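The values are calculated or read from the model by the stated rules, or taken from the named source; none is laboratory data. The structure presented is a predicted model; accordingly, all values stated were derived computationally and were not measured. These accessible areas exclude ligands, DNA and RNA; they are computed on the full protein's heavy atoms, side chains included. Shrake-Rupley method; radii C 1.70, N 1.55, O 1.52, S 1.80 Å.
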Amino acid sequence: MLMENRSYDKSLATSSDDSTYGRFYLIMLQYETTINNKKLKSELRALRPVKERLDPSKFDFRVATEEDNARLTGYSHNAVTPFGMRENVPIVLSKAITSDNGGDTSGSGGGMSQFIYMGGGHINCKIGCAVADFVAATSPLVLDVTDPR
């Protein structure tokens, strides 16, 4: 899900690709969870050293408009994939996906979920990927940003 920080102030970003303070983030989460905006704000603020942390008022996350979604990702609603996006957008992978038994179907009882599915670029297409391969390919920020439904 593409989220927009509506309180974004370009002058506060350390660079044009500052993943600690961006205008947009692509959030990868499990279907049975919801994004917790307080957690998202807190986790992103914590990426900077304490003395450099931005005021919480500099973060106000909302779902990005369909126009911004299409412009940044190149994909329509319910078809977004982190692969082949038009612009570089920081990816946040919900920590729940990588936590112990967070969907692990191997029966091994721990470690990273083995497999995730995500948008495949078309509303009727999904991509399956090993979580470890996804992490290696995209270098996402793995943050605690979701709650169970």
Would you confirm whether or not the stretch 132-149 contains a residue that is assigned to a loop (DSSP other than H, G, I, E, B) and at pLDDT below 95?
yes
Search result, residues across the stretch 131-149 that are of a type outside the set (Ser, Thr, Tyr) and open to solvent by 30 Å² or more (accessible area, probe 1.4 Å):
ALA132, ASP133, VAL135, ALA136, ALA137, LEU141, VAL142, ASP144, ASP147, PRO148, ARG149
